[in-house]
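Everything on this sheet refers to the single structure shown next.
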Amino acid sequence: MVNKKYLFKYLIDKLYEKNYLNLDELVFILDNVHIYGREYLMEKADETRRRYYGRKVYLRGLIEVSNYCRRQCKYCGINALNKKVHRYRLTKEEILRRCQVGYELGFRTFVLQGGEDSYYSDNFLVDLIGEIKDRYKDAALTLSLGERSYESYKSLYMAGADRYLLRHETINRELFEEIHINSNYDERIEALWNLKEIGYQVGAGFMVGIPKQTKEDLARDLLFLKELEPEMVGIGPFIPHRDTIYRDERPGTLEDTITLLALTRLFLPKALIPATTALASIHPHGRELGLRAGANVVMPNLSPPDVRKDYSLYDGKVSTGYEAAEFRKELEESIGRIGYAVDMSRGDYIEWERAL
Ligand code: SF4
């Protein structure tokens, strides 16, 4: 008879040493973590992060450029079918103004995030990226604008974009197809590999607690990440939005999200992992717990204050207080109080930095 408590600890130690577990081992961890010790898992994840990044937490200024989107993701509050959304998009000048505000606040990474909005053509973006990189030579630029063609990704990279975030959301094909009305599973995965091939620092990631998602699905998400080896990983809880068909579903839990975050840190020790706004939105200490579980990035909101409420991906999204870029100093202090230190540099993936 196997002693489950012993096996749990043995597997966490094995993951800590080898940065890998197989599917059955992972499912065992996910089935038993609430009994035998999330704290131990978090401790090992934190140790792993400290080995590579010390106590540093990198800040990125997040500019939500548009809430227009051609996609119909069932879980998302700004999906194309939601007629209640007050839509907006920022002009080139407005985006540049927010970059300037962010730069003056000390940010050295700008993340331009938005729905899949055809207004942002390659020409528009190439021009914008060129201007940002020209004005802020010591800053990194991350894009998070959904799926685009290989050629489009390539031209934006050539224009100077450094990183690209594109969450795969779930590696279970059936589940992916269930929650995405007009997206194609193969195209999403191919887009991630294209970004890698082009040379971006790539961010993948998934949601925790999607209706019908199983522990095996989550274990497979981790195994997919191990194969892709993204430089960044975004993991957030599923949170229902009142104007979607998932409005009455149960949200993903803080505990499960923290567990997956810690496992991701152990699988990909050098990854840049944000303590997401979604995590901060489901629990008052969500961000701190995320950092303690191995996250090392926070992305305060740098969008124009008057549009923040309209970028409503899920209910209860926080865009004020510590989640707002204007509160950088206060955020820095709160991160300091839990034993970490804000680092305002570009905060590149370490191997990429060495290759420069
Ligand atoms: S999740 Fe992204 S791609 Fe899907 S509808 Fe929302 S903004 Fe658009």
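Here are the numbers for the structure shown:
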{"read-out": "Search result, residues across region 246-277 that are buried (at least 24 other Cβ atoms within 10 Å of the Cβ) and part of a helix (DSSP H, G or I)", "value": "Thr257, Ile258, Leu260, Leu261, Ala262, Leu263, Thr264, Arg265, Leu266"}
{"read-out": "Some residue of region 17-25 being surrounded by 15 or more Cβ atoms within 10 Å (Cβ to Cβ), on the phi < 0 side of the Ramachandran plot, among the aliphatic types (A, V, I, L, M) and assigned to a helix (DSSP H, G or I)", "value": "no"}
{"read-out": "First in region 130-141 and closer than 11 Å to Thr109 by Cα and in contact (Cβ under 8 Å) with a residue 60 or more places away in the chain, second anywhere and open to solvent by less than 10 Å² (accessible area, probe 1.4 Å) and assigned to a helix (DSSP H, G or I), Cβ under 9 Å, 6 or more apart", "value": "Ala139/Cys99; Ala139/Gly102; Ala139/Ile132"}
{"read-out": "Some residue of region 119-129 being at pLDDT 95 or above and either under 29 Å from Leu261 (Cβ atoms) or within 16 Å of the ligand (Cβ to nearest atom) (or both)", "value": "yes"}
{"read-out": "Residue within region 170-191 that is under 12 Å from the mean Cα position of the chain (by Cα) and open to solvent by less than 50 Å² (accessible area, probe 1.4 Å) present", "value": "no"}
{"read-out": "Test: Ile78 is among the aliphatic types (A, V, I, L, M), closer than 15 Å to Tyr311 by Cα, part of a loop (DSSP other than H, G, I, E, B) and within 16 Å of the ligand (Cβ to nearest atom)", "value": "yes"}
{"read-out": "Of residues in region 297-356 being small (Gly, Ala, Ser) and within 16 Å of the ligand (Cβ to nearest atom), the one modelled with the lowest pLDDT", "value": "Ser319"}
{"read-out": "Filtered residue count, region 1-24, keeping only those that are among the basic types (Lys, Arg) and farther than 20 Å from Thr264 by Cβ", "value": "2"}
{"read-out": "Some residue of region 193-205 being more than 16 Å from the ligand (Cβ to nearest atom), without any contact (Cβ under 8 Å) to a residue 40 or more places away in the chain and closer than 24 Å to Leu59 by Cβ", "value": "yes"}
{"read-out": "Meets criteria (modelled with pLDDT of 95 or more and under 26 Å from Ile335 (Cα atoms)) for Thr214", "value": "no"}
{"read-out": "Region 283-292: number of residues that are in contact (Cβ under 8 Å) with a residue 40 or more places away in the chain and either surrounded by fewer than 20 Cβ atoms within 10 Å (Cβ to Cβ) or within 15 Å of the chain's Cα centre (by Cα) (or both)", "value": "1"}
{"read-out": "Every residue from region 23-56 that is touching a residue at least 40 places away in the same chain (Cβ under 8 Å) and of a type in the set (S, T, N, Q)", "value": "Thr48"}
{"read-out": "Filter result (open to solvent by 30 Å² or more (accessible area, probe 1.4 Å), more than 7 Å from the ligand (Cβ to nearest atom) and part of a loop (DSSP other than H, G, I, E, B)) within region 50-74", "value": "Arg55, Tyr68, Arg70, Lys74"}
{"read-out": "Identity of the residue in region 82-114, in a loop (DSSP other than H, G, I, E, B) and without any contact (Cβ under 8 Å) to a residue 40 or more places away in the chain, that ends up farthest from the ligand (Cβ to nearest atom)", "value": "Thr91"}
{"read-out": "Given (1) under 18 Å from Glu227 (Cβ atoms); (2) crowded, with 21+ Cβ neighbours inside 10 Å, index of the condition Glu197 fails", "value": "(2)"}
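So that you can scan it fast, the table gives a plain yes or no per residue for (1) in contact with a helix residue (DSSP H, G or I) (Cβ under 6 Å, 6 or more places away or on another chain); (2) surrounded by 20 or more Cβ atoms within 10 Å (Cβ to Cβ); (3) without any contact (Cβ under 8 Å) to a residue 40 or more places away in the chain:
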{"position": "Pro300", "(1), (2), (3)": "yes, yes, no"}
{"position": "Pro305", "(1), (2), (3)": "no, no, yes"}
{"position": "Ser312", "(1), (2), (3)": "no, yes, no"}
{"position": "Glu323", "(1), (2), (3)": "yes, yes, no"}
{"position": "Lys329", "(1), (2), (3)": "no, no, yes"}
{"position": "Arg337", "(1), (2), (3)": "no, no, yes"}
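The values are calculated or read from the model by the stated rules, or taken from the named source; none is laboratory data. The model shown is predicted, which means the values in this text are computed figures rather than measured ones. Methodologically, a virtual Cβ is constructed for each residue, glycine included, from the backbone with ideal geometry; neighbour enumeration extends over all protein chains shown. Accessible surface areas use protein heavy atoms only, side chains included; no ligands, DNA or RNA. Shrake-Rupley method; radii C 1.70, N 1.55, O 1.52, S 1.80 Å.
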